[in-house]
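Following: one structure in C-alpha cells, then a few remarks.
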Amino acid sequence: MNRSACSCFAPFAVVLVALSGQVSADVLQFTGFAQSREGETLYEERHQVDGACENGVYRPIEHRVAYMRQGEGSSETFAEKTLDYSASAIRPTVNYRQPDFDESLKITYPASGSVAIAWQQPEGATKRSITEISDKLVVDAGFDNLIRQHWDNIVSGESVKFRFLAPTRGTDYAFILEPAESADVKADHVVQIRPDSLLLKFLVDPIVLGYNEKGALTAYAGLTNVRENADQNYTAIIRYAISNYPECKLTP
C-alpha cells in the first residue's frame, strides 16, 4: 500500500481526553486501545465529545482527544487533537499536534465555500492550501457523524457516496461508505470506507469500522492519523470502550 497516497486517511483516526469527577448528561466519552495486526500495543486514545440533545438526538459540538503511551508505571500524552462541530457535524475545524515529530495540522474555514489547510510537516516545512467545499465533503472525524446521519442506510445495508478531504494533499476525493465483512472487526454493524476511484482502490486500503446498536463506534481498522516515524503513520486495529453516553439517542 502506498503510504503517501493513504495519507488522506490520516484524519480517521478517530479521538479525546479523560474526565475526572461527574460526567455531564450531554457528553459522549470513550477510550480507544490501538494495537498492530500482530497484537502489539501501540497507544491509547481518550475521547470526550461535548454536545447537546436536540429533539431527542445528540448533536456534537466539541471533541477533544488525547493520545497516550504507557510507560513504566505511568502514561504519557504524546499527541492531542481538538475538533469543533459548531458549524457542521461533518466538517469540523481541526487542530492536531504531535510534538515528538514537530508536526501539526490545522483545518479551518476562512470564507464561505472554502476550507484552508496548514500542515506543518515532520521536516518542519509548512504546506498551505485552500480548496472548495461541496455539500458532500466530509472532514476528519466528521465521518463518524456522517454514518449516524445515514444510520437507516447503514442498518439497511445500503451504500453512501461522499467526498473526503485529504489534508496532506490539499484536495478531496470521492469515497463510498458501504457494508463490509472483516476478520479484524466484529460488531453489530460493520462498514468500510473505500475510494470510489478505480486507481485509488489499488493505492488506498479501505478503513473498516464497527458500530454497536446505539450508533457508537466500537472498532476501527486501518491507517491512523498518528505518526509512527518520519515516513509513515500507524496502521492499527483500535477497539473502543464507551464510558458515558449522552441521555439522548446518538442516531435519528
Here, segment 76-131 modelled as identical Cα point scatterers in vacuum has Debye log10 I(q)/I(0) at q = 0.23, 0.25, 0.27 Å⁻¹ of -0.91, -1.00, -1.07
In whole µm²/s, the translational diffusion coefficient that Stokes-Einstein assigns to segment 35-119, given a Kirkwood hydrodynamic radius over C-alpha pairs, 25 °C and 0.890 mPa s, equals 164
Farthest toward positive dipole pole in the chain [+1 Lys/Arg, -1 Asp/Glu at C-beta], among ILE133, VAL208, PRO179:
ILE133
In square angstrom, rounded to the nearest 10, how much accessible surface does ASP50 have for a 1.4 Å probe?
40
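Just the number, please: percent antiparallel of the DSSP beta bridges in the chain, rounded to the nearest 5.
Of those bridges, close to 95 percent are antiparallel.
How long is the gain from GLU38 to LEU203 if the chain were fully straight, where each residue apart is worth 0.36 nm and the alpha carbon distance is subtracted?
On the way: separation 165, 0.36 × 165 = 59.40 nm, distance 2.24 nm.
Stretched fully, the GLU38-LEU203 segment lengthens by 57.2 nm.
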What would the Debye formula give as log10 I(q)/I(0) at q = 0.21 Å⁻¹ for the alpha-carbon point model of segment 107-252, no solvent?
-1.43
Cα pair distances of segment 194-242 binned at 10 Å [whole percent]
23, 41, 30, 6
How large, in percent, is the carbon and sulfur part of the accessible surface of segment 96-188 at a probe radius of 1.4 Å?
43
Leaving out ligands, DNA and RNA but keeping every protein chain, what accessible area does GLU40 have, in Å² rounded to the nearest 10, with a 1.4 Å probe?
110
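For the chain, compute the number of Lys pairs whose alpha carbons are separated by less than 18 Å, excluding pairs fewer than 8 positions apart on the same chain.
6
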In a shell of Cβ-Cβ distance under 13 Å around ASN95, excluding ASN95 itself, what net charge do Lys and Arg (+1) and Asp and Glu (-1) give?
-1
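Per DSSP H run of at least 4 residues, take -39500 (n - 2.57); add these up for the chain, divide by its residues and hand me the 222 nm value, nearest 500 deg cm²/dmol. All intermediate terms of the calculation are to be shown ahead of the outcome.
Working: 4 runs with 23 residues, N = 252.
Value at 222 nm, helices only, nearest 500: -2000 deg cm²/dmol.
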What net charge is computed for the residues neighbouring VAL27, neighbours being all others with C-beta under 12 Å from the C-beta of VAL27, Lys and Arg scored +1, Asp and Glu -1?
-3
Compute the separation of the alpha-carbon centres of segment 201-252 and segment 118-192 and state it in Å as a whole number.
11
Go through SER86, SER75, SER112 and list them by solvent-accessible area, largest first, probe radius 1.4 Å.
SER112, SER86, SER75
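Work out, step by step, the length gained on full extension between LYS127 and ILE176: first 0.36 nm times the residue separation, then minus their alpha carbon distance; give nm to one decimal. The partial results should precede the final answer.
Working: separation 49, 0.36 × 49 = 17.64 nm, distance 2.76 nm.
Gain on stretching LYS127 to ILE176: 14.9 nm.
What is the sum of charges, Lys and Arg at +1 and Asp and Glu at -1, for the other residues whose Cβ falls under 10 Å from the Cβ of ASP196?
On the way: positive: LYS161, ARG163, ARG194, LYS201; negative: none.
Net charge in that neighbourhood comes out at +4.
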Output wanted: per-residue J couplings in Hz (rounded whole) for segment 202-213, from phi through Karplus 6.51 cos²θ - 1.76 cosθ + 1.60, θ = phi - 60°, x for Gly and Pro.
7, 9, 10, 6, x, 9, 10, 10, x, 10, 8, 5
What whole-number value in Å² describes the accessible area per residue of the chain for a 1.4 Å probe?
46
Extent along principal axes [Cα atoms of segment 80-180; Å; largest to smallest]:
46, 30, 24
Per-residue SASA entry for ARG69, accessible area with 1.4 Å probe, Å² rounded to 10
60
In Å³ per residue, the alpha-carbon convex hull of the chain encloses 126
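The values are calculated or read from the model by the stated rules, or taken from the named source; none is laboratory data. If you're wondering where the values come from, they're calculated on a predicted model, not measured in any experiment. Neighbour counts run over all protein chains shown; Cβ positions are idealised from the backbone, glycine included. All accessible areas refer to the heavy atoms of the entire protein, side chains included, with ligands and DNA or RNA removed. Shrake-Rupley method; radii C 1.70, N 1.55, O 1.52, S 1.80 Å.
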